[in-house]
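The values are calculated or read from the model by the stated rules, or taken from the named source; none is laboratory data. Here the structure is a predicted model, which means the values were calculated and not measured. Methodologically, a virtual Cβ is constructed for each residue, glycine included, from the backbone with ideal geometry; neighbour enumeration extends over all protein chains shown. The area values use the complete protein model at the heavy-atom level, side chains included, leaving out ligands, DNA and RNA. Shrake-Rupley method; radii C 1.70, N 1.55, O 1.52, S 1.80 Å.
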Amino acid sequence: MLTGKKILIRADASLLIGTGHVMRCLTLADQLKRRGAECYFATRLHEGHLQEKILERGHFCLSLRKPHNGKETTASYADWLGYTQMQDAHEVLSMLDDLKIDLCVVDHYALDSDWESYLKEIVEKIIVIDDLANRMHQCDVLIDQNAGRTVEDYLALAPESCRFLLGAKYALLRDEFSALRDSSLNRRKKNGLHSITISMGGVDAANATQDVLQALRKSNLPDDCCINVIVGSKFPWMDEIYKTIENYPWKTALLIDTSEMGKLLSETDLAIGAAGSSAWERCALGVPSIMIVVAENQRVIAESLKKLNAARVINSQQDILALLPEHICNFMNDAELLSTMSSNCSLVADGQGADRVACLMESLI
């Protein structure tokens, strides 16, 4: 048990960064809280932050001031922080007051060994969550949930003593995905494409959702097909999507901040979604998918699942209109394709990664 242990989590969400980093850390924090730990999120007031959600889930929130330039820029991951790493580290430490932190979790593309080394002055153990394998780390454990990731990718980037948790078996998914796994896999034995779930991320600032809906108009979906469109409350194109689905050819619902993502995915025949961390949710439930790369850091996930024949991939938002109808046609014309892809993707993740990581953390402190 982790009763009385205090965990610091450094992660941000914004209209540019998206919600994935904070959401997967929230999943881990929920596991740790059940084991008795207190989780303190240090998160910056970017536009599109998720501090309310952190508090709703019963965790503590250390609110870091807004970026000095008003917003993060797209120039590089370093700009996403809003300050230098040392400024960020100083601010985090100043907010801890007399709190004795037992372990720190870092999930941020703009932070590296400089920030982590500074935090080592007040916390003995640091766990890094990364997807990029592109910078140095000073940590005790490194988690990369990308399928196909190997130790060799990180050997020159982390201390010799670092322990690596690599692959989708460590994907940080909510309990609902492991709980629904068996029932979801069983329904895949039925052939046919009669329901689709569209989920292009918690923010989808570029409105790939609209492109998907327009492309589906050119597809050969059956008349009885049902479509669920899932967006977050920070989605800036809500009115436009409502207008689009008003006169849509198929029964379509827009769901905002749904708390039943697992149930919805388990009951759908095909998912169309961004190639981010939600890919592991679909894998855990064996949901065939068409993945769309909407950010550079998603290419590793997309390529790994494509090689395993666990998903179809569209490599950019600009290609949706041209390529999506063709992928739908392939699913409609090949009765076995959905079940084959379901079997392949179900081998990638089982939904128990958060429990595995939490158990390891218990052994560290």
Taking alpha-carbon centroids only, the stretch 318-342 lies from the stretch 98-154 a number of Å equal to 38 Å
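Given LYS125/LYS169; LYS5/LYS307; LYS5/LYS169; LYS263/LYS306; LYS33/LYS251; LYS6/LYS169, which pairs have Cα atoms separated by over 31 Å?
Working: LYS125/LYS169 22 Å; LYS5/LYS307 41 Å; LYS5/LYS169 25 Å; LYS263/LYS306 25 Å; LYS33/LYS251 40 Å; LYS6/LYS169 26 Å.
Exceeds cut-off: LYS5/LYS307; LYS33/LYS251.
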For ASP12, the accessible surface traced by a 1.4 Å probe with all protein chains present amounts, in square angstrom to the nearest 10, to 0 Å²
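According to the square roots a ≥ b ≥ c of the eigenvalues of the Cα gyration tensor, what is the shape class of the chain, taking rounded for a/c under 1.5, prolate for a/b larger than b/c otherwise, and oblate for the remainder?
Working: a/c = 1.93, a/b = 1.62, b/c = 1.19.
Cα axes put the chain in the prolate bin.
Accessible area of the stretch 57-164 with a 1.4 Å probe: how many percent of it is carbon plus sulfur? Walk me through the numbers on the way to the answer.
Numbers: 2470 of 4960 Å².
Taking all protein chains in place, the stretch 57-164 shows 50 percent carbon and sulfur surface.
If we count every other residue with Cβ under 15 angstrom of ILE292's Cβ, Lys/Arg +1 and Asp/Glu -1, where does the sum land? Let's see the in-between values first.
Working: positive: ARG282, ARG299, LYS306, ARG312; negative: ASP204, ASP211, GLU296, GLU303, ASP319, GLU326.
After counting each charged neighbour, the total is -2.
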Explain nothing, just compute: Karplus ³J(HN,Hα) = 6.51 cos²θ - 1.76 cosθ + 1.60, θ = phi - 60°, for every residue of the stretch 166-173 in order, whole Hz, x for Gly and Pro. 10, x, 6, 5, 9, 4, 8, 10
Of all stretches in the chain that avoid trypsin sites (Lys or Arg not before Pro) placed in a DSSP loop and having at most 12 other Cβ atoms within 10 Å, the longest is 191-365
Express in Å², to the nearest 10, the accessible area of MET23 obtained by rolling a 1.4 Å probe over the protein heavy atoms while all chains stay in place. 50 Å²
Looks like the stretch 173-325, by Cα gyration tensor root eigenvalues a ≥ b ≥ c and the a/c under 1.5 rounded cutoff (else prolate when a/b is bigger than b/c, oblate otherwise), is rounded
In whole angstrom, how far apart do the alpha carbon centroids of the stretch 32-60 and the stretch 274-290 sit? 25 Å
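State, as an integer percentage, the relative contact order of the stretch 263-365 based on alpha-carbon contacts under 8 Å between residues 6 or more apart.
Working: 141 pairs, mean separation 31.1, N = 103.
Relative contact order comes out at 30 percent.
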The chain: calculated mean residue ellipticity at 222 nm from DSSP helix runs of at least 4, using -39500 (n - 2.57): -10000 deg cm²/dmol
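Span-like helices, the chain: DSSP H, alpha-carbon axial extent 18 Å or more, mean Kyte-Doolittle 0.5 or greater, which ones?
Values: long enough: 20-34 (22 Å, -0.16); 320-333 (19 Å, 1.01).
Span-like helices here: 320-333.
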Where the stretch 1-123 is the region considered: accessible area per residue in Å², 1.4 Å probe: 41 Å²
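Go through CYS61, CYS25 and list them by solvent-accessible area, largest first, probe radius 1.4 Å. Present the calculation step by step, with values, prior to reporting the outcome.
On the way: CYS61 35, CYS25 0 Å².
Ranked list, largest accessible area first: CYS61, CYS25.
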